[in-house]
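A quick write-up on the structure given underneath.
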Amino acid sequence: MEDMRGTVSTPLLRMTIRNGSVLSAMHCSHKANALRWDLTPDDIRTRTDGLMARVQAAYDDVGSLQMESVSVENTLRAVAHAKLDYASSLHVLDFPQFVCPSKEVRAASTEADKRLSEFHVEISMREDVFQRLTALQKKLPDNLSPEEKRLLDRLVTLGKRKGLHLSKDIQEEIKRTFKLISELSIEFNKNLNEDTTFLVFSENELGGLADSYLNGLDKAADGRYKVTLKSPHYHPLMKRCHNPESRRKMEAAFNSRCKEVNTAILEELLQLKAKAADLLGYSCHANYVLEINMAGNASTVSDFLDTFYETLKPVGVKERKYLLALKKRECSMMGFPFDGQIQAWDLPYYMNQVEQCKFAVNKDKLIEYFPLDAVTEGLLGIYQELLGLTFTRVERAHVWHQHVTLYSARDTETGEEVGQFYLDLHPREGKYGHAGCFGLQPGCRGPDGERRLPVAAMVANFTQPLKGCPSLLQHHEVETYFHEIGHVMHELCSKTAFSEFSGTTVEMDFVEVPSQMLENWVWEKEPLRRMSRHYKDGSAIPDNLLDKLIASRVANTGMMNLRQVLLSKVDQSLHTSRRADTAEVFAKLCWDVLGVPATPGTNMTASFSHLVEGYDAQYYSYLWSEVYSTDIFFSRFKKEGIMNPKVGREYRRVVLEAGGSVDGMAMLETFLGRGPCQEAFFQCKGLIKAQETQTQTCTFLWTGQQVFDRDIK
């Protein structure tokens, strides 16, 4: 029936919270977070049983009501309170599978996730509760608030999307299908999280990589270097290693992670999702998913991607020719055979060379100015000043690993605690292998009318500090950091009545807008200066290095955005089909869109976790959202001041605090004072000149189904 699952110049450390730990607030969760991270496997099982029993009882109460006696209080609010209980208790049980150092606890958490996912399917398909919500909707009480009406309409809509208006036998088939989809999705991610693959290379085979990189690698018994497939090892090697054979081996291994088991899982998932869509009366899974997004349907997404492809294609062709020329020159200089083709393992390497050749960005020098501590201090300071918040580090906080830190966020003007967030920034065995924000507790009102304190965690895999050298970030990692903290702020600033609309629970093709918008700060001089200093002497980045970095924003524009088109088209192709050979689909589109062959024997989609993490049929939303986010930045912040606190607080109020309680398009129109347009995106990517936008029309994107042109004034 409904989805109950969630997937500054002010001194940074102005004060220190000394409450021993967050455990002192176990029974007043609206004042401080009540999360515990020392649970045993038995604790997880017991709490899982208790959570399911409580929610089951609440739904039983609603389901047993006489139809004529349903009311806002005993039906809508009762369901909302059960959802809040579920959302507030869920993540202490399912989050450890991604971060806990103990394999036993991770396994118990994964098992809890499976049980809760199955339970969620059961509880979301309670026909008796759906009937009472439908009865309440027909009454349409006069005293419903706008958010209450939105919630009621949403619950009824989602009930229909679960087939609760269909016959019992079809409902049961849908339920079995959704349960299996959930179970297989969890298994897919577990396989990736537990993957420990590494390759072994000699020092000569790692030519071109810095000493700091080599010093961070473990060694095999024969003295060679062990290189894992985790981000801090994989990406620098692919960008910097001179040896094409080493890059080929790494790329093949990286895109073969869990290939056999996860390919089978993914291809079974595609069939199950197509089956569920068919049972529910949709032509394909993509149309089922997109019905409640801004885009509306797969045809709109296809048109959107085709338009972008046609715009970017000539740029991509030109860039690929340049990459090939670089490869030909290097092969001649180093005595490597030249095959006349940019291969998958060549792309990151020669794209990195473009930045060095065309823009003269010295990444070896640049990285020295981004020690993690300086980036964290500057980044959090910028967010504080912009959004009117004050962050304080919680000492002796109860955390799941010694390297994890906890911060409290308060409103700078009122002193009211807004929320709390964890930072877990370094890789370790069994940990989630990407960067992401996990909402752990929703920021909404509880049954007592008090706002519950939202809690979120940013999980990343930045390089570990070494003896005598701190963790140093590449600029793209600084950008990732800024992006994910943007999601964290969306979670923390939320002020909604219901957990259903808290934080990032917006339309999936709007969810990336706030975080992508804030990426723009890492391409501006003032913010970059504030979150950087040389790790040895604290000196500022030289102007010439900074200017070259900022100019390089348009480097590889065509290929980078065509890759996003590629992944989006792969996602759409898979989820508009009843079955597919996933490796074949990826290989065909890789060649058609990028003009680069997929490495034989690999299957990138077997490790494309977005396909099973809630982005299925929705990967296009990264590009879609970026159109909106660049419009917000250039139309308001760039024009009125990127550190303008007035604009920042308006943004916090209109976009962040609203969560999903308002349609994304309505938020955009309120903040922009008009409908959004796409010219800022193409200008940002260097595809049109700034002055051109003063005379040409601006294409406004409303739902993707209607397009209007207006003159820019």
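The values are calculated or read from the model by the stated rules, or taken from the named source; none is laboratory data. Keep in mind the model is a prediction, meaning the values are calculated, not measured. Here the Cβ positions follow ideal geometry from the backbone for every residue, glycine too, while neighbour counts run over all protein chains shown. These accessible areas exclude ligands, DNA and RNA; they are computed on the full protein's heavy atoms, side chains included. Shrake-Rupley method; radii C 1.70, N 1.55, O 1.52, S 1.80 Å.
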Self-check item: Cα centroid separation - region 104-157 against region 629-689, whole Å
Solution: 32 Å
Quiz item: Ranked from the most accessible area to the least, with a 1.4 Å probe and all protein chains present, what is the order of 507, 310?
Solution: 310, 507
Exercise. Can you give me the three principal axis dimensions of region 313-392 from its C-alpha atoms, in Å, biggest first?
Key: 56, 30, 21
Quiz item: With each label point set 7 Å from Cα along the Cα-Cβ vector, what nm distance links residue 578 and residue 547?
Solution: 6.2 nm
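Computed over the Cα atoms of region 546-611, what is the ratio Rg over Rh, Rh following Kirkwood? Kindly include the intermediate steps, with their values, before the conclusion.
Numbers: Rg = 14.5 Å, Rh = 13.2 Å.
Rg divided by Rh gives 1.10.
Kirkwood-based Rg over Rh for region 469-546 (C-alpha set), two decimals?
Working: Rg = 16.1 Å, Rh = 14.5 Å.
Answer for region 469-546: 1.11.
Write down the Kirkwood hydrodynamic radius of region 230-335, to one decimal in angstroms, obtained as one divided by the mean of 1/r over all alpha carbon pairs.
Working: mean 1/r = 0.0551 Å⁻¹.
Taking the inverse mean of 1/r over all distinct Cα pairs, region 230-335 comes out at 18.1 Å.
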Quiz item: At a probe radius of 1.4 Å, what is the per-residue accessible area of residue 292, in Å² to the nearest 10?
Solution: 70 Å²
Quiz item: Once label points are set 7 Å from the Cα along Cα→Cβ at both residue 332 and residue 278, what is their separation, rounded to one decimal in nm?
Solution: 5.7 nm
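Please calculate how many Å² of accessible area the chain carries per residue, with a 1.4 Å probe and no DNA, RNA or ligand atoms counted. Display every interim value, and only then the final one.
On the way: 28300 Å² over 713 residues.
With the other protein chains kept in place, the chain gives 40 Å² per residue.
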Exercise. Under 1.5 on a/c is rounded, so check that first for region 253-307, then, if it is not, pick prolate when a/b is larger than b/c and oblate when it is not; a ≥ b ≥ c are the square roots of the alpha carbon gyration tensor eigenvalues.
Key: oblate
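If I take R0 = 45 Å and measure r between the Cβ atoms of residue 122 and residue 560 in this structure, what FRET efficiency does the formula 1/(1 + (r/R0)^6) give, to the nearest 0.05?
Taking R0 as 45 Å, the efficiency between residue 122 and residue 560 is 0.55.
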Quiz item: In what order, largest first, do 333, 294 sit by accessible area if the probe radius is 1.4 Å?
Solution: 333, 294
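At a 10 angstrom cut-off on C-beta neighbours, averaged per residue, how do the peptides 365-375, 257-267 rank from highest to lowest? Walk me through the numbers before you get to the answer.
Working: 365-375: 20.3, 257-267: 18.3.
Highest to lowest by the protection proxy: 365-375, 257-267.
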Self-check item: Solvent accessible area, Å² - residue 153, 1.4 Å probe, full protein context
Solution: 40 Å²
Quiz item: Based on the Kirkwood radius over alpha-carbon pairs, what is the Stokes-Einstein translational diffusion coefficient of region 256-399 at 20 °C with 1.002 mPa s viscosity, in µm²/s?
Solution: 100 µm²/s
Quiz prompt | More than 40 angstrom apart: percent of Cα pairs within the chain | solution = 31 percent
Self-check item: Average Cα contact separation per residue, region 583-697, under 8 Å, 6 or more apart, as relative contact order %
Solution: 21 percent
Exercise. Using 0.36 nm per residue of separation minus the Cα-Cα distance, give me the extension gain between residue 135 and residue 414 in nm, one decimal.
Key: 96.2 nm
Practice problem: Might you work out the accessible area of residue 535 for me, using a 1.4 Å probe with all protein chains in place, and round it to the nearest 10 Å²? | Solution: 60 Å²
Exercise. Find how many whole Å separate the alpha carbon centroid of region 508-535 from the alpha carbon centroid of region 420-492.
Key: 15 Å
Quiz prompt | Cα-based Lys pair tally, region 138-187, threshold under 17 Å, eight or more apart or on separate chains | solution = 9
Quiz item: What part of the accessible area of region 56-114, given as a whole %, is carbon or sulfur when the probe is 1.4 angstrom?
Solution: 53 percent
Quiz prompt | Cut-off under 5 Å, modelled amide H: who pairs with residue 243 long-range | solution = 207
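Efficiency by 1/(1 + (r/R0)^6): what FRET value for residue 321 and residue 222, r their Cβ-Cβ distance, R0 = 51 Å, to the nearest 0.05? Working shown, then result.
Details: r = 42 Å, r/R0 = 0.82.
Efficiency for this residue pair is about 0.75.
For region 486-608, what's the relative contact order in percent, using C-alpha pairs closer than 8 Å and at least 6 residues apart?
Working: 75 pairs, mean separation 16.8, N = 123.
Once normalised by length, the contact order is 14 percent.
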Quiz item: Using 0.36 nm per residue, how much length does the chain from residue 56 to residue 526 gain when fully extended, once their Cα-Cα distance is taken away?
Solution: 163.9 nm
Practice problem: Pull out a ≥ b ≥ c, the square roots of the eigenvalues of the alpha-carbon gyration tensor of region 540-691, then state rounded if a/c is under 1.5, prolate if not and a/b is larger than b/c, and oblate in the remaining case. | Solution: oblate
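For residue 299 and residue 215, compute 0.36 nm times the residue count separating them, minus their Cα-Cα distance, and round to one decimal in nm. Let's see the in-between values first.
Numbers: separation 84, 0.36 × 84 = 30.24 nm, distance 5.04 nm.
Between residue 299 and residue 215, full extension yields 25.2 nm more.
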Quiz item: How large are Rg and Dmax for region 384-506 when only the alpha carbon atoms are used, in Å?
Solution: 15.4, 52
Exercise. At 7 Å along the Cα-to-beta-carbon direction for both residue 592 and residue 405, put a label point, then send me their distance in nm to one decimal.
Key: 4.7 nm
